Each structure stands twice: as structure tokens, then as C-alpha cells.
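Asker: Encoded as C-alpha cells, here's the structure I'll be asking about.
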Amino acid sequence: QVQLVESGGGLVQPGGSLRLSCVASGSISGINAMGWYRQAPGKQRELVAAVLGGGSTNYASSVKGRFTISRDNAKNTVYLQMDSLKPDDTAVYYCNVEFPWRNYWGQGTQVTVSS
């Protein structure tokens with residue numbers, strides 16, 4: 001079993017920054033990728049950013065140049081640095097860890113961008 005604990009969400013003004021963290025514990029050998037998804041009210045969950053085992057990264061076009069994903073393998077942690085935040089970034093952000101056999105999800109952390 002795998003446990004994911006997220007932190008770092010909150011309320012921030014437009015143009016501000018937040019850093020999300022997700023720590024994975026349990027049977028974590030064999031991870032393919034770690035990433036972040038988000039779901040805004042009335043919308044489908046969407047990929048924000050992911051980092052693959054070899055270190056390559058993928059970003060949604062809406063966050064390229066503003067968000068940075070990184071992974072600390074020694075700490076089994078994935079981070080999402082979010083800069084130049086916009087109201088459209090408001091959503092619940094979910095950590096995701098992908099194994100060849102299944103995905104695991106965190107409980108979600110709320111990010112609200114508002115003045």
C-alpha cells in the first residue's frame with residue numbers, strides 16, 4: 001500500500017506563489033511517474049505537471065513557464081512550485097503516483113487565487 005500526504009495549499013492573491021509538497025510512503029519501489037492534477041468546480045480533473053522516472057517533465061500548456069515540478073527521490077517527495085498564480089488556477093490539487101499496475105492519489109489540497 002502507498003500513502004500520499006500533501007501540503008502547501010492555501011489562499012493567495014493573483015500574481016503570488018505557492019509551493020505544494022507530496023510525500024509518498026509505504027511500498028514505493030517501482031514508481032513510473034509522480035505528478036499533480038487539479039480539479040476546479042464543475043470541471044474534469046486535469047494534469048498539471050508530471051515528472052517521469054528518468055527526470056523528464058510534462059506540463060499543461062496553461063501552466064508552462066509559471067509552474068515547476070521537481071522530485072526528491074531521497075525524500076520520496078514531489079513538489080510543485082507555482083508562480084504568477086491566476087484566478088483560473090483555483091482548484092483542488094491532487095498528488096498522483098503512477099506504478100505499472102495502478103495509480104495512487106492524495107487527498108487533495110485546496111488552492112484559491114483571489115484578491
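Asker: List pairs: first residue in segment 85-113 and open to solvent by less than 40 Å² (accessible area, probe 1.4 Å), second residue in a helix (DSSP H, G or I) anywhere in the structure, Cβ distance under 8 angstrom, at least six positions apart or on different chains.
Answerer: Between residues of segment 85-113 that are open to solvent by less than 40 Å² (accessible area, probe 1.4 Å) and residues that are in a helix (DSSP H, G or I), the close pairs are V111/D89; V113/P87; V113/D88; V113/D89.
Asker: Somewhere in segment 29-38, is a residue touching a residue at least 60 places away in the same chain (Cβ under 8 Å), surrounded by 11 or more Cβ atoms within 10 Å (Cβ to Cβ) and under 13 Å from D88 (Cα atoms)?
Answerer: Within segment 29-38, one or more residues are touching a residue at least 60 places away in the same chain (Cβ under 8 Å), surrounded by 11 or more Cβ atoms within 10 Å (Cβ to Cβ) and under 13 Å from D88 (Cα atoms).
Asker: In the list G42, G10, which residue meets the criterion of being of a type in the set (G, A, S) and open to solvent by less than 60 Å² (accessible area, probe 1.4 Å)?
Answerer: G10
Asker: Same structure, new question: If you go through segment 51-73, how many residues are modelled with pLDDT of 90 or more, under 19 Å from F99 (Cα atoms) and not charged (D, E, K, R)?
Answerer: 7
Asker: To continue, here is another question. The conditions are (1) touching a Pro at 6+ places or on another chain (Cβ under 9 Å); (2) of a type outside the set (A, V, I, L, M); (3) under 16 Å from Y93 (Cβ atoms), and C22 fails exactly one of them. Which is it?
Answerer: Condition not satisfied by C22: (1).
Asker: Moving on to the next point. When you look at S70, is it touching a Phe, Trp or Tyr at 6+ places or on another chain (Cβ under 8 Å) and either open to solvent by 20 Å² or more (accessible area, probe 1.4 Å) or not aliphatic (A, V, I, L, M) (or both), yes or no?
Answerer: It is true that S70 is touching a Phe, Trp or Tyr at 6+ places or on another chain (Cβ under 8 Å) and either open to solvent by 20 Å² or more (accessible area, probe 1.4 Å) or not aliphatic (A, V, I, L, M) (or both).
The values are calculated or read from the model by the stated rules, or taken from the named source; none is laboratory data. All values derive from a computational prediction rather than experimental measurement. FYI the Cβ positions are ideal-geometry reconstructions off the backbone, even for glycines, and counts take in every protein chain you see. Protein only, heavy atoms only, side chains kept; ligands, DNA and RNA dropped before computing areas. Shrake-Rupley method; radii C 1.70, N 1.55, O 1.52, S 1.80 Å.
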